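The values are calculated or read from the model by the stated rules, or taken from the named source; none is laboratory data. Keep in mind the model is a prediction, meaning the values are calculated, not measured. FYI the Cβ positions are ideal-geometry reconstructions off the backbone, even for glycines, and counts take in every protein chain you see.
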Amino acid sequence: MSPSLPIRYVEPVFRPPSEAASLILPVTDGCSWNRCTFCEMYTAPQKRFRARDEAEVFESLQRTGERFGPHIRRVFLADGDALVLPTRRLLAILDAIRRHLPAVRRVSSYCLPRNLRRKSIDDLRALAAAGLSMAYVGAESGDDEVLARVQKGETHSSTLEVLEKLGAAGIRRSVMILNGLGGTALSVRHADNSARLLNAAQPEYLATLVVSFPLGDERLRSAFPDWRPLSQQALFVEMARFLDKLELRRTIFRSDHASNWLVLKGTLGADKEKLLQQVRQAIAEPDSAPLRPAWARGL
């Protein structure tokens, strides 16, 4: 660890858009699954999965607290699925956060459903009581065929089971769906079954991103050879179908990641018709819609 930096980072470092102001605290490196063919986040050689040594994590927290303690309000546990760690280790980390960063009011993490199936509801309640506030669950799709084609390692029912368990434990859920993941062939069922998943789970937060391949789509096509990308208009058509099928009571919705052509923000269901109107306008009159220019998508 550099004497000038309290935390050792292994580039590239990823976090959800809403964690821009958070302290990024690596407790693992990489992703314990790392087989999803649409994901390029943890494929670099230096991102091979490993759990960080507890002593290093505790030292990072101590040094960060000494330098910045009163100013840090949020902590994001990195990397791809920090909740793979045993409950005992996570509780020890959450305790160290309370001791060294007493001003922290929110702790969050990415979460793979497969890893939380190993934790009991009592485990999750203990983590919530210790300060774990939110889990970002990359559902990607609610359709079993899409999930199988992209080697997600999950099903509609396995994802729903974990979302319900998190909710019962008092941990807020932020669910991510990938617009366009099913390609042209599976677009309709991807939209319909993703909406069905969310209607059943009723998460507190929902975000949509557009599936993107800055490094090329060869990895995806190796397992999904007939995958064809959706055009910009087809992405909007899929989004309109998805929104139309949603029956959410009070979910904060964001579609503002750099990958999205059309920025959408609101609360579902209060703003459902307004959001649908924005998408339908983009379908009917793309030249007059407030679309993000290609250069600004940051991909």
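If only one of Asp122, Asp217, Asp144, Asp192 is under 22 Å from Ala258 (Cβ atoms) and among the charged types (D, E, K, R), which one is it?
Being under 22 Å from Ala258 (Cβ atoms) and among the charged types (D, E, K, R) holds for just one of Asp122, Asp217, Asp144, Asp192, which is Asp217.
How many of the residues in the stretch 177-211 are over 18 Å from Ser158 (Cβ atoms), of a type outside the set (A, V, I, L, M) and under 15 Å from the mean Cα position of the chain (by Cα)?
Qualifying residue count for the region: 4.
Which of (1) over 23 Å from Ile171 (Cβ atoms); (2) touching a Pro at 6+ places or on another chain (Cβ under 8 Å); (3) modelled with pLDDT under 95 is the odd one out, the single condition Thr64 does not satisfy?
Status for Thr64: all satisfied but (3).
Residue by residue through the stretch 145-192, note down the ones that are part of a helix (DSSP H, G or I) and touching a Ser or Thr at 6+ places or on another chain (Cβ under 7 Å).
Leu147, His190
With the requirement that a residue be more than 30 Å from His71 (Cβ to Cβ) and not hydrophobic (A, V, I, L, M, F, W, C), what does the stretch 16-40 give you?
Ser32, Asn34, Arg35, Thr37, Glu40
List pairs: first residue in the stretch 155-174 and without any contact (Cβ under 8 Å) to a residue 60 or more places away in the chain, second residue of a type in the set (Asp, Glu) and part of a helix (DSSP H, G or I) anywhere in the structure, Cβ distance under 9 angstrom, at least six positions apart or on different chains.
Qualifying pairs under 9 Å: Thr155/Asp144; His156/Asp144; Ser157/Asp144; Ala169/Asp122; Ala169/Asp123.
Please verify whether the stretch 6-18 includes one or more residues that are in a helix (DSSP H, G or I), in contact (Cβ under 8 Å) with a residue 40 or more places away in the chain and surrounded by fewer than 18 Cβ atoms within 10 Å (Cβ to Cβ).
Within the stretch 6-18, one or more residues are in a helix (DSSP H, G or I), in contact (Cβ under 8 Å) with a residue 40 or more places away in the chain and surrounded by fewer than 18 Cβ atoms within 10 Å (Cβ to Cβ).
Condition first: modelled with pLDDT under 95 and under 16 Å from Val27 (Cβ atoms). Now tell me which residues in the stretch 113-134 satisfy that.
Asn115, Leu116
For the stretch 131-151: of the residues being touching a Lys or Arg at 6+ places or on another chain (Cβ under 8 Å) and farther than 27 Å from Val75 by Cβ, which is surrounded by the fewest Cβ atoms within 10 Å (Cβ to Cβ)?
Glu145
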